[in-house]
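Working notes, structure below.
The values are calculated or read from the model by the stated rules, or taken from the named source; none is laboratory data. Predicted model, so just to flag it, every value in this text is computed and none were measured. Reconstructed Cβ throughout: ideal geometry from the backbone, glycine too, with neighbour counts over all protein chains shown.
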Amino acid sequence: MTIPEALVGLTIGPIAHDVDLRWIMSYAAGLGDHRPEYLDTTRAGGIVGHPLFSVCPEWPVIVASRTLSESVGVTGDEVITGVHATHDVTIHRLVRPGDVLSTTLEIVGLVDKSPGALSTMRLETVDADGSPVATTTQGSLYLGVHAEGVDHPDPTPPAEVQGTRRVGEPRTHRVELAAGAAHVYTECARIWNPIHTDPVVAKAAGLDDIILHGTANLAHAVSVIVDTVAEGDPQRVRRIVGRFAAMVPLPSTLTINIWPANATDDGRLSVPFEVLNDAGRPAVQDGLLVLDAQAPAV
């Protein structure tokens, strides 16, 4: 089995999404993040989406890309070996209730790694006026299945994040995860993959049991950083970067380590972080969250 070069250039979308109050509030509540910015409809200016809400409208496009990849020679058995490996999202603005969003996807890279083929997809989400809302570069690793032919690296990768230094001792925070955390996240995010909710499917895929979504692990870290570094203002979040590694079984406890912020050349702050599972292994490693130095004008 190999992943064909023809996968590069595959495009999906646009797929449209109507964003309502219920979806925005549910996503935050499903994380146990009860900030008024996400839930209090009486606040001036209304509510906004959690900074990682962008993963919600991206999911249907990703599912469609998996189906279409079979048309260029990726088999169903190969499709199910794919795992979310890296995530890098630039947030142009936070989502608001009433937004009509459109998301497109393009496979922009395919390279061979020792664990398997790594494909890179670029997802663009815009509003009804065509203005950008979120741009995501996401890596998917086909475990045990290698790439066919020569490497095709992403020709226009995101700029490297400044301020990656881990200086001093991190502040440590813990998040308790209930046995049903993945079921709640599935419904609130509207991201359905049965390895997160159905033990039969999870074990058939080679897992010991269900695991929490990688984006949920990442979102928990974002919530903590907003609370502790961004002075509770999610609108300061401009970029979120991380690599997914160890799995998080349920129930369990996440350990989130956050290092002091570094100033960047463009006047922003870069916050290094990691998320560890119960065994002390990194569920999210090389994490970076970029903040505006001050709250943006609204």
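Tally up the residues in the range 147-162 that are β-branched (Val, Ile, Thr), under 22 Å from the mean Cα position of the chain (by Cα) and modelled with pLDDT under 95, please.
The number of residues fulfilling the criteria is 1.
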Self-check item: Spans of helices (runs of 4 or more DSSP H) in the range 18-100 with at least 1 residues more than 19 Å from Asp233 (Cα to Cα)
Solution: 21-30, 55-69, 76-79
Practice problem: Spot the failing condition for Cys56; the list is (1) touching a helix residue (DSSP H, G or I) at 6+ places or on another chain (Cβ under 6 Å); (2) farther than 20 Å from Ile240 by Cβ, and only one is missed. | Solution: (2)
Quiz item: What pairs can you find where one residue is in the range 103-121 and within 11 Å of Leu7 (Cα to Cα) and at pLDDT 95 or above, the other is among the polar types (S, T, N, Q) and in a strand (DSSP E or B), and their Cβ atoms are less than 6 Å apart, with a gap of 6+ or different chains?
Solution: Glu106/Thr11; Ile107/Ser119; Val108/Thr120; Gly109/Thr120; Leu110/Ser119; Ser119/Ser140; Met121/Gln138
Quiz item: For Val61, are the conditions met, namely being assigned by TED's automatic domain parsing to the domain that holds Val126 and out of contact with any helix residue (DSSP H, G or I) (no Cβ under 8 Å at 6 or more places or on another chain)?
Solution: yes
Exercise. Within the range 213-234, identify whether any single residue is of a type outside the set (Gly, Ala, Ser), without any contact (Cβ under 8 Å) to a residue 40 or more places away in the chain and closer than 26 Å to Gly180 by Cα, and answer yes or no.
Key: yes
Quiz prompt | Sole residue being more than 18 Å from the chain's Cα centre (by Cα), of a type outside the set (Asp, Glu) and at pLDDT below 95, chosen from Arg165, Arg171 | solution = Arg165
